[in-house]
Amino acid sequence: MSQRPRQSCKSSNPSKLLLLAMASLIWLSGCAATATKENRAELCGEKFKEVKAGFVKKNYWKIKEPIEEILSQCHGTGYMEETQFMLAEANFNLEEWIEARGEYTTFFLNFPSSPYAETAAFRKALASYNMSYTDMRDDSPTQTAVQDFEDFVGNYPSSPLLDSAAKFQDSLTNRLGEKDFQIARLYWRMNEPLASAMYLKSFISDYPTNKRQYEAQLMIIDCYIRLEQFEPAQTYIQNIQQAFPKSKSDVDSRMADLKAAQKKFEARMVEERKQKQYRKEDAL
């Protein structure tokens, strides 16, 4: 009788072992990834608490570095929105206006539906407003602030901050007017009354509520008198009488200057006609 051969202890299907090994590796790696993700979220949470406490204590310089760490390492953990807003606020409170405006812009682009978005848009405009504008040759910061406030008003037409925005817009308008007025005054000092009158005319028309209106109208009268353009000078004298009832002494002074200039002009015209007539007679 023949014996039945004994079965080998080795598996007859090695592919099953390979599949089991791969499945084990996938499971183990998944567990490791989950643990890493949970650990990262925990670390980010601790870092966020540290930043929040520093922000409440107004330690704005101290929290900027940990804020940058959160923004670079904690995507997907739920801490990005408020951290980005705190960075913008920290720069704002440190009066770093250019950096603050940039961070508010980044925040608004990344989180347009955030409950902080309206505040961010207003503060962005306010940061632009606070940028330097002392260089008369460059009004770009002022123009930027004008646009930022226009965007805010357009995006939040029911905001309780609209009254404040309107005050800043009026101030910005006056800034732009001040530039034109200063240029006009510069031309006047350079004995360029025609160029001065051109800027003053635009200023008077474009900025009717500017505090320089009275001064500008007096100056444009002086320009036209010096240019011997007596009709527009007379027109502005009438305008200033109506717009500024208490201007009598200044108006009387300009009227006297106007009459003296007209008399001098007429005398010169008479003399020029005489000289012209003499030359004509000499030519005969």
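The numbers here are math on the coordinates, done by the rules we state, and not lab data. Computed from a prediction, not measured in an experiment: that's the story for all the values here. Note that each Cβ is placed from the backbone with ideal geometry, even for glycine, and that neighbours are counted across all protein chains shown.
Worth a mention:
- With only the Cα atoms considered, the stretch 153-233 has a convex hull volume of 88 Å³ per residue.
- Across the stretch 141-151, rounded Karplus estimates of 3J(HN,Hα) from the backbone phi angles (6.51 cos²θ - 1.76 cosθ + 1.60, θ = phi - 60°) give x, 5, 4, 4, 5, 4, 5, 5, 6, 4, 5 Hz, Gly and Pro being marked x.
- As a rough guide to protection, the peptides 113-121, 263-271 ranked by mean Cβ packing within 10 Å, highest first, stand as 113-121, 263-271.
- Rough spin-label spacing in nm, given labels placed 7 Å along Cα→Cβ, for Gln182 and Ser164: 2.7
- Qualifying lysines (Cα of each under 27 Å from Cα of Lys259; at least 8 residues distant if same chain): Lys201, Lys246, Lys248, Lys274, Lys276
- Relative frequency of Cα-Cα separations exceeding 21 Å in the stretch 183-284, percent: 43
- Distance cut-off 15 Å, percentage of C-alpha pairs in the stretch 71-125 lying past it: 40
- Column: log10 I(q)/I(0), Debye, Cα scatterers of the stretch 41-133, q = 0.10 Å⁻¹: -0.24
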